[in-house]
């Protein structure tokens, strides 16, 4: 008798590939489709949370994201190396409101903006970055630390250019993507972020896209990128493929309340729609760990006495 899993897995795989093709065929701007798959979908549609109105086209597996990171249960791994980011601001191309978040998209046709090191064995190209945020400062992040919520979370999305030739291929495969997650906390104004904030009113409505150049995403990383958690997970938007090595920074960055307010001034809706809806709460609910190990590049059991002032505020 044929095992049920041998029938279901190919079907699920085919569904995922169809969804990726579907997403690309509905994109209405002349730009590479790679960035769209990671955080956008044509199935964007509920009053409160446009990504999750109906049942998912592809059912999730047991390596879904986001998760709650239980700090004391994370496993220190001395083999985890420092991250090596090499971003070229000249590869920055545009900002796009995709009806779910806004994407700052990069030219990923060559190894010009890359991520290596950390838990990664290969070189990964930066494809885009985006944020998730709440309607208030009390919540908004997708990942949490010991159930602690942050107002927003930054995701820098990279794909494995050693193993794959296109993002569309990498997104479907094992070890295809690497996403850096950075928590945002309300505090002082973030000077590096301000150039981006100033550009956002031009893409208030869904489908808006404007040229945006010479932005260095490294300015959005915390000063300490050596301390992080890592685990195997998935995209947090359809097609939810379990192709992601997550690298979640221990240290947060600070942004001002006014800067986050500009995020919240964006709209899920296009200019033609009668009812306009604010772009808030664009995060996925947390998923079960299902026996996965979360590794840390630092020991959670050591006292972190010699930390900087910024580090101390992150606890």
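None of the figures in this text is laboratory data; all of them are computed from the coordinates on show. Since we're looking at a predicted model, the values are computed, not measured. Note that we place each Cβ from the backbone using ideal geometry, even for glycine, and neighbour counts take in every protein chain shown.
Assuming R0 = 30 Å, what is the FRET efficiency of residue 261 and residue 285, from their Cβ-Cβ distance, to the nearest 0.05? Spell out each step's value before the answer.
Details: r = 24 Å, r/R0 = 0.81.
Computed FRET efficiency for residue 261 and residue 285 comes out at 0.80.
Counting other beta carbons within 10 Å of each Cβ, put 273, 135, 105 in order, fewest first. Provide the component values of the computation, followed by the final result.
Values: 273 12, 135 15, 105 26.
Arranged by neighbour count, lowest to highest, 273, 135, 105 become 273, 135, 105.
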Exercise. In nm, to one decimal, how far is the modelled label at residue 273 from the one at residue 71, with both set 7 Å along Cα→Cβ?
Worked result: 3.8
Problem set entry | Residue order, fewest to most surrounding Cβ atoms within 10 angstrom, among 195, 214 | 214, 195
For this session: Would you mind getting me the FRET efficiency between residue 136 and residue 226? Use the beta-carbon distance for r and R0 = 22 Å, nearest 0.05.
Result: 0.10
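Which order results if 290, 92 are arranged by neighbouring Cβ count within 10 Å, fewest first? Working shown, then result.
Details: 290 10, 92 24.
Exposure proxy ranking, most exposed first: 290, 92.
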Exercise. Out of every Cα-Cα pair in the range 69-169, what percent are more than 16 Å apart?
Worked result: 67
Exercise. So for the pair residue 86, residue 292, with labels modelled 7 Å out along Cα→Cβ, what separation do we get in nm?
Worked result: 2.9
